[in-house]
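Below is one structure, written out as structure tokens, with a few remarks after it.
The values are calculated or read from the model by the stated rules, or taken from the named source; none is laboratory data. Keep in mind that this is a model prediction, so the values were computed, not measured. Neighbour counts are summed over all protein chains in view; Cβ atoms, including those assigned to glycine, are modelled from backbone coordinates with ideal geometry.
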Amino acid sequence: MKRAWFLLAAGCAAAGPICAQAVETPEGFLGNLTPIMESIQRERGYALDYAHKGALPFEQWRQRGREAVERALSYAPQPVPLDLKVHRTEKRKGYELRAISFAGSAHYRIPAFLLVPESGRPPYPAVVAFHDHGAYFYFGKEKIVELDRQHASLTAYKETYYGGRSFASDLARRGFVVIVIDAFYWGERRVQYQDPPSGWRNAIAGLDPASTRYIDAVNRYLDERTADLIMQLSFNGINWIGIVNRDDRRSVDLLASLPFVDPKRIGCLGLSGGAFRSTYLAGMDSRIRAAVITGWMSTLPSTGHIPYSTHSDMYDAFGLHSVLDHPDVATLGAPECAILVQNCKRDRLFTRDGMAQAAAKIQNVYAKEGHPERFRAESYDAPHSFTVAMQEDAFAWLEKWLR
């Protein structure tokens, strides 16, 4: 299975055994190299994690950790005005949808949906809602927002991973202002050509854009380009997650600027690659007061014991993990940010031990800092997904801490 993310996007019902819990092996996908890498990591440890805080005051420890993340993100553009533009508005059941764009930097604009509730009184609590990765690049923000006319491929995708729901729309009906952007490389920001290369032309030759086969072909082609994307960004001194996280923080800027949003009640939520983004936003932006991390919380070395490729097309802060593991990023938001981690017992992308160890590491920080009630980890008998039951628990968590 060369591309587990793409296979997952094909749907559990079709893939059969692909929904089983990841099997852990001594060697993992890279055979005899796995124990070598793990031995090096164990010798070095994570010098900037909470266990190595020592006598350093908590705020200084957090600042040191955030500075390390910033260096690894490798992207800090010069500030520019938000320059919010509303391109259209649509009345939906329980909320108004605004198709907007705003300046992410001097180099690009960010297309987004802004969902404004009809009920309640401003200022409203707000949520930055993240679409997933899924090796499904054709759509971004549309994955989690209701559409009047929805492509059959997207309908099937939502059924598989979201129980047929569009959770951002549900949040808006519950009284939250919600922003959903297209992350860099998804939706309106995916790769497009004026003079398409032969590989692109061959990939979609003879396919009807209205067909699921066309969407699958585009996603497969774009997934095969992610290694090129990561390398070319690197050649330009940029990190993919650096752009993604900076744009997510820019989304918080946008929410905080709106007169009908309470800037002290902002949270974030996402599945899979969206949970990865939720981890980094919660850890790096003190304005985030509550976060839900669904389907992407694990110690990173543990993924080396899965006997197939799983994360080769993932954005990550390369270099950071010489000093911090993935769960350590979440702890940088403790204890002010209330975090709910939702793991799936039948998740093919992680080992159970890796998920459990990550949750325990975060829990320890909240307990030691005197706020164990602000962290919770739950495991669900489900494959890699955000089921309706999980969504209800996530909504309750956000309502508890942001109302």
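Return the residue satisfying two criteria in turn: it lies in region 320-348 and is in a strand (DSSP E or B) and hydrophobic (A, V, I, L, M, F, W, C), and of such residues it is farthest from residue 382 (Cα to Cα). If we take residues in region 320-348 being in a strand (DSSP E or B) and hydrophobic (A, V, I, L, M, F, W, C), then 338 is farthest from residue 382 (Cα to Cα). Filtered by the rule that a residue be in a loop (DSSP other than H, G, I, E, B), more than 22 Å from the chain's Cα centre (by Cα) and not acidic (Asp, Glu), region 184-218 gives 192, 193, 194, 196, 197, 205, 206, 207, 209, 210, 211. Just one of (1) closer than 22 Å to residue 267 by Cβ; (2) more than 16 Å from the chain's Cα centre (by Cα); (3) hydroxyl-bearing (Ser, Thr, Tyr) fails for residue 162. It is (2). When 142, 159, 146, 188 are screened for being surrounded by fewer than 18 Cβ atoms within 10 Å (Cβ to Cβ) and farther than 19 Å from residue 384 by Cα, only 188 passes. Based on this model, can you work out whether residue 55 counts as part of a loop (DSSP other than H, G, I, E, B) and among the hydrophobic types (A, V, I, L, M, F, W, C)? For residue 55, the condition - part of a loop (DSSP other than H, G, I, E, B) and among the hydrophobic types (A, V, I, L, M, F, W, C) - is met. The residue pairs whose first member lies in region 381-398 and is closer than 17 Å to residue 297 by Cβ and without any contact (Cβ under 8 Å) to a residue 40 or more places away in the chain, whose second member is assigned to a strand (DSSP E or B) and among the aliphatic types (A, V, I, L, M), and whose beta carbons are closer than 7 Å, counting only pairs six or more residues apart or on different chains, do not exist in this structure. Restricting attention to region 22-37, the residues that are in a helix (DSSP H, G or I) and either in contact with a helix residue (DSSP H, G or I) (Cβ under 7 Å, 6 or more places away or on another chain) or farther than 16 Å from residue 351 by Cβ (or both) add up to 4. Number of residues in region 92-117 that are exposed (fewer than 15 other Cβ atoms within 10 Å of the Cβ) and either in contact (Cβ under 8 Å) with a residue 40 or more places away in the chain or out of contact with any strand residue (DSSP E or B) (no Cβ under 6 Å at 6 or more places or on another chain) (or both) equals 4. Annotation note: of 377, 382, the sole residue that is out of contact with any Lys or Arg (no Cβ under 7 Å at 6 or more places or on another chain), modelled with pLDDT of 95 or more, outside any helix (DSSP H, G or I) and aliphatic (A, V, I, L, M) is 377.
Report yes if residue 129 is surrounded by 21 or more Cβ atoms within 10 Å (Cβ to Cβ), out of contact with any Leu (no Cβ under 6 Å at 6 or more places or on another chain), closer than 15 Å to residue 274 by Cβ and of a type outside the set (Val, Ile, Thr), otherwise no. For residue 129, the condition - surrounded by 21 or more Cβ atoms within 10 Å (Cβ to Cβ), out of contact with any Leu (no Cβ under 6 Å at 6 or more places or on another chain), closer than 15 Å to residue 274 by Cβ and of a type outside the set (Val, Ile, Thr) - is not met. Among the residues of region 305-353, those identified as under 16 Å from the mean Cα position of the chain (by Cα), among the β-branched types (Val, Ile, Thr) and closer than 23 Å to residue 60 by Cβ are 329, 339. Here the condition is being of a type in the set (A, V, I, L, M), assigned to a loop (DSSP other than H, G, I, E, B) and surrounded by fewer than 24 Cβ atoms within 10 Å (Cβ to Cβ); of 317, 356, it holds for 317 alone. Only residues that are within 16 Å of residue 279 (Cα to Cα) and touching a helix residue (DSSP H, G or I) at 6+ places or on another chain (Cβ under 7 Å): list them for region 387-403, please. If the condition is that a residue be within 16 Å of residue 279 (Cα to Cα) and touching a helix residue (DSSP H, G or I) at 6+ places or on another chain (Cβ under 7 Å), then no residue fits.
This table checks each residue for (1) touching a residue at least 24 places away in the same chain (Cβ under 8 Å); (2) polar (S, T, N, Q); (3) touching a His at 6+ places or on another chain (Cβ under 6 Å).
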position	(1), (2), (3)
188	yes, no, no
192	no, yes, no
208	no, no, no
215	yes, no, no
226	yes, yes, no
229	yes, no, no
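Going residue by residue through region 20-28, is there one that turns out to be modelled with pLDDT under 95, in contact with a strand residue (DSSP E or B) (Cβ under 8 Å, 6 or more places away or on another chain) and of a type in the set (A, V, I, L, M, F, W, C)? Within region 20-28 (the criterion being modelled with pLDDT under 95, in contact with a strand residue (DSSP E or B) (Cβ under 8 Å, 6 or more places away or on another chain) and of a type in the set (A, V, I, L, M, F, W, C)), the answer is yes, since at least one residue qualifies. Of the residues in region 167-183, at least one is assigned to a helix (DSSP H, G or I), within 30 Å of residue 291 (Cβ to Cβ) and out of contact with any strand residue (DSSP E or B) (no Cβ under 9 Å at 6 or more places or on another chain).
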